[in-house]
Amino acid sequence: MDVDRLRAAGLYDPDSPTASDRLALLEYLEERGATVAQMVEADADGVLPALSSYLAAFAPVERIPVAEVAMRSGTTVEAVRRLFLAQGLPLDDASLVPAYVVDDVAAFGIGMSLFGEDATLAFTRVMGASVARIVDAAISLFYGEFDAAAPGDETELGRARNSERAGTGFGVLPSVITHLLEQCFRMNSARTVATRGDSVGQTSTVAIGFVDLVGSTPWAAGLSLKDHALALSRFESAAWNIATEHGGRVVKLIGDEAMIVASSAATVCRIGLSLCAAVTADPTLPGVRAGVGYGDVTWRGGDYVGPLVNLVARMVKVADVAAVVVTAEVRQQLENDESEAGGSWPLTDIGSHTLRGIDEPIPLFSLQRM
């Protein structure tokens, strides 16, 4: 190890009280392939011990200027910058980026030729947001669970060793995600065909559900941050598992609320009733209620928008605790389901309701657990 070079780079001060710890860390990182430039960059960001996690998760790659990326891919620096911004990655003219970005820019060009630049950038933003969430969840898992379960050496070298273990685990994610992409593509392609029918463009006919924790603000105020996070995690886990088991999908989780979609109203109603029962059985969670609507929505970026979504988000507040409130269109769908399955849905007419942001009163029906 060239100590003089480390001193010149500002990485090592022999007169520092922690000089021996810092030198041990630098030796550890160098043994794992870290360059002085990488260590300088990580140290400037205040995350030098965490560099070991990156080294454990990813193989070394060539890094090249943005202008060279543009030249190799036959495009402009501005086009590369737009791609990076859509991915959620800051970029300036002095940035050095992995050489494989040349292939990413080429893929971006193919997307633009097929779908146009605006649509391709919108899809890229979805990818960027999804990957950022995965990475944030992985880091949160490490600091919230692994780091707490494996205390010990609090020196920089000790933190680097813990980070390396986390990086080794993170390194398997790309393969797992590739497999998951294939399986989800197959499943969601069939689901999309079922919900689109004769629709054109980005319109689909689906059932939309919202499941809402009742009185979540005062409930949260009575819990510690950790207990609140653990309780919400149980709600989210129940929503995800129940929706999946019934053939639906959780579109998004918004704090104390879950948005669910499926091709049939009966499916979303079953999900809503089952989730209400699961939450009611959990003594650490507050009350819960749900709303379900059926009709046309705009489908873009992995999300669903339109008047129906707004309606269901408003009308869930009308539902009694542990009940599901539904629209007249859903009632009709459930009556059709009864005739096909020979069962019965216990619906109660609760009259028309004036909802915030909705011009006309909406006839609603309450559904209790069968």
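For Asp4, what accessible area in Å² do you get when you roll a 1.4 Å probe over the heavy atoms of the protein chains, rounding to the nearest 10?
Per-residue accessible area (Asp4): approximately 110 Å².
Which residues among the stretch 237-265 fall inside the zone where the amide N is under 11 Å from a point 7 Å beyond the Cα of Asn310, along Cα→Cβ?
Answer for this model: none.
Determine which residues of the stretch 172-191 fall in the zone a paramagnetic label at Tyr100 would reach in this model, i.e. backbone nitrogen under 11 Å from the point 7 Å along Cα→Cβ.
Output list for this probe position: 174-175.
With every protein chain present, what is the per residue accessible area of the chain (1.4 Å probe, Å²)?
That works out to 55 Å² per residue.
Roughly how many percent of the accessible protein surface of the chain is carbon and sulfur, given a 1.4 Å probe and a whole-percent answer?
About 56 percent, which is the carbon plus sulfur part of the accessible surface.
Dipole of the chain (Lys/Arg Cβ +1, Asp/Glu Cβ -1, origin at the Cα centre): which of Ala79, Thr120, Ala50 lies farthest to the positive side?
Looking along the dipole axis, the top candidate is Thr120.
Taking the 0 to 90 degree range and rounding to the nearest ten, how far is the long axis of helix 77-87 tilted relative to the main principal axis of the chain, both from C-alpha atoms?
50 degrees
How much mean residue ellipticity at 222 nm does the chain get from its helices, if each DSSP H run of length 4 or more adds -39500 (n - 2.57) and you divide by all residues, to the nearest 500 deg cm²/dmol?
That calculation yields -17000 deg cm²/dmol at 222 nm.
Arranged from highest to lowest average of other beta-carbon atoms within 10 Å per residue, in what order do the peptides 175-185, 353-363, 37-47 appear?
By packing density, highest mean first, the sequence is 37-47, 353-363, 175-185.
Once a ≥ b ≥ c are taken as the square roots of the eigenvalues of the Cα gyration tensor of the stretch 210-313, is the result rounded (a/c under 1.5), prolate (a/b larger than b/c) or oblate (a/b not larger than b/c)?
prolate
Return the label of the correct value of Cα extents along the principal axes in Å, as calculated from the structure shown, out of (i) 64, 36, 34; (ii) 81, 52, 35; (iii) 58, 49, 35.
(ii)
For the residue pair Gln368 and Leu253, what label-to-label distance in nm results when each label sits 7 Å from Cα along the Cα-to-beta-carbon direction?
So the label points at Gln368 and Leu253 sit 3.1 nm apart.
Sort 79-89, 48-58 for me by packing, meaning the mean count of neighbouring Cβ atoms within 10 Å per residue, highest on top.
Ranked by mean Cβ neighbours within 10 Å, highest first: 48-58, 79-89.
With each pseudo-label sitting 7 Å past Cα toward Cβ, what's the Asp2-Ser20 distance in nm, one decimal?
So the two model labels end up 2.7 nm from each other.
To the nearest 10 degrees, how steeply does helix 19-31 sit against the main Cα axis of the chain, on a 0 to 90 scale?
Rounded to the nearest ten degrees, it is 80.
By average Cβ neighbour count within 10 Å, what is the ranking of 252-261, 271-280 from highest down?
Numbers: 252-261: 18.7, 271-280: 22.4.
So the order, starting with the most tightly packed, is 271-280, 252-261.
Per 0.36 nm of contour for each residue apart, how much would the distance between Ala328 and Leu173 grow if the chain were fully extended, relative to their Cα-Cα spacing?
51.3 nm
The values are calculated or read from the model by the stated rules, or taken from the named source; none is laboratory data. These numbers were taken from a predicted model, which means no experiment stands behind them. Neighbour counts run over all protein chains shown; Cβ positions are idealised from the backbone, glycine included. Just so you know, the surface numbers come from the protein's heavy atoms only, side chains and all, with ligands and any DNA or RNA stripped out. Shrake-Rupley method; radii C 1.70, N 1.55, O 1.52, S 1.80 Å.
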